[in-house]
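Below: one structure, written as C-alpha cells.
Please treat every number below as a calculation from the coordinates, not as lab data. What you see is a predicted model; the values in this text were computed from it and never measured. Cβ coordinates were reconstructed from backbone atoms using ideal geometry, including for glycine residues, and neighbour counts include every protein chain displayed.
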Amino acid sequence: MKSKCKTCGKNCDGEYCFHHKPRKPISRRATPPPVKENVTQMRDFFLGIWNKRKKHECENCGEWLGKEPLSYMFDHLLEKKSHPELRLEEENIMLVCLKCHDEKTRGFASDYVKNRINIVKQKYEGTQ
C-alpha cells in the first residue's frame, strides 16, 4: 500500500520518498565497528576517492555535493552486479548528486555519462 512522503506529500513505499529518505554519512572513525570485509573495503575505497577528488561537485550536472560523502554519491559506471571485478576500480566510479544517480540507475543516463561508461567498457573489456 502506498503512503505519502512526510516531507513533500508525494506517493512512496515508506515514510519518505526517494529524495527525502534520511541518508547516513560515511563514517570517518579511526577504528570502524566490526563489519564484513567487503563493506569496510568499499567504505575505505569511497573515502579515498572523496579525498583525492577535491572538487566535490556532481561530475554530470555540477551540483555541489556537500562537505560529507554519502554512499549514493559514488556511482559505479559499470554496475557491481554485472562487473564485480570493477567494483574497486577508481575509473569506474563517478561522483554524482542524488538526481543524476537516480536517473542513471533508472536508465536515463545523460550523453556525458554514456560516454564515460563507454570509455570504461573500452578500457576494461579485455579483462573480462
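Data table
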{"item": "Span from the region 8-24 Cα centroid across to the region 40-119 one, whole angstrom", "result": "22 Å"}
{"item": "Whole-Hz ³J(HN,Hα) from phi, Karplus 6.51 cos²θ - 1.76 cosθ + 1.60, for region 109-123, glycine and proline x", "result": "5, 6, 4, 4, 5, 4, 5, 4, 4, 4, 4, 5, 4, 4, 5"}
{"item": "Over 31 Å between alpha carbons, listed pairs Lys99/Lys121; Lys55/Lys123; Lys4/Lys55; Lys2/Lys67; Lys6/Lys52; Lys54/Lys81", "result": "Lys4/Lys55; Lys2/Lys67; Lys6/Lys52"}
{"item": "Total formal charge among the other residues, if their Cβ is under 12 angstrom from that of Tyr16, Lys/Arg +1 and Asp/Glu -1", "result": "+3"}
{"item": "Amide H contacts of Thr7 (H built 1.01 Å from N, under 5 Å, at least 5 apart or other chain)", "result": "Cys17"}
{"item": "Under the Karplus curve 6.51 cos²θ - 1.76 cosθ + 1.60, θ = phi - 60°, whole-Hz ³J(HN,Hα) for region 7-23, x wherever Gly or Pro sits", "result": "8, 10, x, 6, 5, 7, 8, x, 7, 10, 6, 4, 6, 10, 4, x, 10"}
{"item": "Residue-by-residue Karplus 3J(HN,Hα) for region 81-91, coefficients 6.51, -1.76, 1.60, Hz, glycine and proline x", "result": "5, 8, 9, x, 5, 9, 5, 10, 9, 4, 5"}
{"item": "Aspartates and glutamates whose Cα lies under 16 Å from that of Lys21, excluding same-chain neighbours fewer than 8 positions away", "result": "Asp13, Asp102"}
{"item": "Distant-in-sequence amide H partners of Ile93 (H built 1.01 Å from N, under 5 Å)", "result": "Leu77"}
{"item": "Net charge of neighbours whose Cβ lies under 14 Å from the Cβ of Gly62, counting Lys and Arg as +1 and Asp and Glu as -1", "result": "0"}
{"item": "Kirkwood hydrodynamic radius of the chain, from inverse mean 1/r over distinct Cα pairs, in Å", "result": "16.2 Å"}
{"item": "Within the chain, helix-based [θ] at 222 nm, where runs of 4 or more DSSP H residues each add -39,500 (n - 2.57), nearest 500", "result": "-9500 deg cm²/dmol"}
